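Please read the structure below before turning to the comments.
The values are calculated or read from the model by the stated rules, or taken from the named source; none is laboratory data. Every value quoted in this text rests on a predicted model; they were computed, and no experiment measured them. In this analysis, Cβ positions are derived from the backbone assuming ideal geometry, glycine residues included, and neighbour counts consider all displayed protein chains.
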Amino acid sequence: MVSRINIREQTEKKEEALSRYAAKSRFSRGRLRKEEPCPIRTDFQRDRDRIIHCKAFRRLKHKTQVFIAPSGDHYVTRLTHTLEVSQIARTIARALDLNEDLTEAIALGHDLGHTPFGHIGEEVLNELYHAGFRHNEQSLRVVDVLEKEGQGLNLTWEVRDGILNHSKGQAEILGEGWGDANTLEGQICKIADIVAYLNHDVEDAIRASVISHSDLPSPVTATLGHKHSQRVNTLVCDIISYSRSVGDNGNSTKPIIGMSPAVLRAANILRQFLFARVYNPSLGGEEVAKAREILHLLYSHFLEHEDGLPRELVCLPGSREQKVIDYIAGMTDQYALRLAEEISQ
């Protein structure tokens, strides 16, 4: 009888060849609840698979990124954004000899808690709920509590840390208030998120005729490039080059994930441009007003009619307000629209 080969142990041995700064799955801080290890997958690979197969991940395909209910088929959704972040982050992690499996798991899970109707949804829920609402904290709540009817996905500490600490708010890239994940893989996901949305939001804004290519600030195009692919390539290559040089400085200081001063300046100029011309103006208008109205209606309705909440949420511990927030935050744009129409009839 042939003995079963433990593929996971072989993979864990291969991880020993990674950078000394890489997170090794064998040395994970563990899960909230102890589990028997998988004979085939490392703990980080197992986390990635759990995220891909969870309900919240599937719903990302019907959640808005920036533009609400766009008429075209090529606008970015939360799902396509997540896949872009994963691709960019994996490229950087592989080039830096860091743990690609951990990086992928964090990237795929980072936006699971995002609301319907893009950033306006997060803003409205933050206004309505007395405890406040932040999508990174909700993403952690999704994987810890809400998935699998209250059991959660029981992910590793490293993946959970990366999900919680990926958000930047309106702080400048790498500036004051930026904060960091506790693994380099988590830091990669945080900066890959920036690279992805800066560039696909430019393309979506041009597609929506909000801006044109000629509107992009000259320091941005001169440093990063005129085309989407050029800008992404410049940013990714710079992050890899800068982070490698910091890690090769010959001392014992742990490297950081960052950008060179010139590229960082151009990236921040592009980000400020998007806030001024795309993000802040998009918070007005008829569609945004409708989204606000829908979210207010849903919140007030389910506060008064808890029996309308899904059974798996009703059974969870916590306040009714928290359960209503959990329900609304998990909705897709179209589901929220349909539900609001039914309530209004």
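Do you know which residues across region 292-323 are aliphatic (A, V, I, L, M) and within 21 Å of Asp111 (Cβ to Cβ)? Working first, answer last.
Going through region 292-323, the residues aliphatic (A, V, I, L, M) turn out to be 294-295, 297-298, 303, 309, 313-314, 316.
Ile294, Leu295, Leu298, Leu313, listed by residue number.
Considering every residue within region 293-314, establish whether at least one is closer than 14 Å to Gly118 by Cβ, within 27 Å of the chain's Cα centre (by Cα) and not hydroxyl-bearing (Ser, Thr, Tyr).
yes
Which of the residues spanning region 188-244 are assigned to a loop (DSSP other than H, G, I, E, B), free of Cβ contacts under 8 Å to residues at least 12 places away in the same chain and crowded, with 16+ Cβ neighbours inside 10 Å? Break it down into steps so the answer makes sense when it comes.
Initially, region 188-244 is screened for residues assigned to a loop (DSSP other than H, G, I, E, B), giving 208-212, 216-217, 225-227.
Remaining after also requiring free of Cβ contacts under 8 Å to residues at least 12 places away in the same chain: 209, 212, 225, 227.
Correct list: Gly225 only.
I'm trying to understand the selection: among the residues of region 41-69, which are modelled with pLDDT of 95 or more and outside any helix (DSSP H, G or I)?
Arg41, Thr42, His53, Cys54
Is one or more of the residues making up region 282-305 part of a helix (DSSP H, G or I), among the aromatic types (Phe, Trp, Tyr), touching a residue at least 12 places away in the same chain (Cβ under 8 Å) and under 30 Å from Lys148 (Cβ atoms)?
yes
Table: residues versus (1) in contact (Cβ under 8 Å) with a residue 60 or more places away in the chain; (2) more than 20 Å from Ser25 (Cβ to Cβ).
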| position | (1), (2) |
| --- | --- |
| Leu83 | no, yes |
| Asn99 | yes, no |
| His114 | yes, yes |
| Phe133 | yes, yes |
| Leu146 | yes, yes |
| Leu153 | yes, no |
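Of the numbered conditions (1) touching a Leu at 6+ places or on another chain (Cβ under 8 Å); (2) part of a loop (DSSP other than H, G, I, E, B); (3) surrounded by fewer than 24 Cβ atoms within 10 Å (Cβ to Cβ), Leu112 satisfies every one except a single condition; which is it?
(3)
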